[in-house]
1. Can you give me the long-range amide H partners of Val39? Hydrogens built in the peptide plane at 1.01 Å from N, cutoff under 5 Å, separation of 5 or more residues or another chain.
2. What does the charge count near Arg202 come to, summing +1 for each Lys or Arg and -1 for each Asp or Glu among other residues with Cβ under 13 Å from its Cβ?
3. Going by alpha carbons, how many degrees (0 to 90, nearest 10) lie between the helix axis of 243-253 and the longest principal axis of the chain?
4. In the neighborhood of Ser58, defined by Cβ-to-Cβ distances under 13 Å, what is the net charge if each Lys or Arg adds +1 and each Asp or Glu adds -1?
5. Treating only the Cβ of Lys, Arg, Asp and Glu as charged (+1, +1, -1, -1), what charge dipole size does the chain show about its Cα centre? Round to the nearest 20 debye.
6. Any idea what the dipole of region 103-251 comes to, in debye rounded to 20, about its Cα centre with Lys/Arg Cβ at +1 and Asp/Glu Cβ at -1?
7. In terms of modelled amide H atoms, which long-range or inter-chain residues lie less than 5 Å from the amide H of Ala26?
8. Please report the spacing between the Cα centers of region 182-256 and region 1-52 in Å, no decimals.
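What follows is calculated from the coordinates using simple rules that are stated; it is not laboratory data. These figures come from a predicted structure and were not determined experimentally. When we count neighbours, we look across all protein chains shown, and the Cβ atoms used for this are built from the backbone with ideal geometry, even at glycine.
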Amino acid sequence: MWTRVDGIQGASLDLLNARIGHRHYAPHIHDEFAIGVCVDGLETMRYRGERLYSAAGSIVVIEPGEAHTGGPADQDGFAYLCLYPTAELVGAAAGWDRGAPHFGEPIIDDPGLARSLRLAHRSLRLGDDPLEGESRLLGLLGTLVRRHAVRGAREQGGSPASSGIASAVAARLSDELVSPPTLAEVAADLGLSRYQLLRAFRDSMGMPPYAWLAQHRVARARTLLDAGHRPAEAASLVGFADQAHLTRWFRRVVGVTPGAYRNSVQDRARRRPAS
């Protein structure tokens, strides 16, 4: 279940409560932190070139812009709670005036903090006492940073040359979202072979161009759904062949269907008290 909470330090905050049986998330990135706790079962993910495992009670921290996957480690599946605060909110909660927090270890064993995350998530999701929810959230983030983060930006993946190539490819794919160029066309325009382009893009982005384009389309579709568009309309506007293709990728990246996401966001907006 997807939930959006407004009024958190003047912005909105997304929450996810999910049980995953056999589905695996496709490689994707978030513009915000993804901070979650596994509440049942065992999760596996690829992150920073490693295969990692998160058991019940473990906290998982994914930094903005970091490519990752996720899914059940066995046939029993897993369940987790997650919240998506901006880097600014995470830093501010710890009293940092500059520099994004960096978490060297993405899997954190801190039972007390895991309980605090679950309580904050529940309070925010129910929305009965906004002051309690925001207070629990800021307390959780502040403690998380003080105990487990360091100052300083993380090292970017790939070489400077690879990063430059990947940025150019991503910019073109974003500009031509509905009718993207072929791999051969992009490679020729950059004076590269298709193999050179693919290697540079994967080294920098952590995924091939087609996967990046799909998750970027999903991100754009979310914006359209937030604005009230129906899933079929959003699918067409971002370049998916039809609503079924949007739904498949949306579930692989966000964890819920476009319809469920849209309904959750709109239901929350309708329940918001008038000022």
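1. Placed amide hydrogens put Gly57, Ala79, Tyr80, Leu81 under 5 Å from Val39.
2. Working: positive: Arg46, Arg194, Arg199; negative: Asp203.
Net local charge, Arg202 excluded: +2.
3. Between the helix axis and the principal axis of the chain, the angle is about 60 degrees.
4. Details: positive: Arg115, Arg118; negative: Asp40, Glu43, Glu105, Asp109, Asp110.
Result for the neighbourhood of Ser58: -3.
5. Details: 32 positive and 30 negative charges, 76 e Å.
That gives the chain a dipole magnitude of about 360 debye.
6. On the way: 19 positive and 16 negative charges, 65 e Å.
It works out to roughly 320 debye.
7. Val253
8. 19
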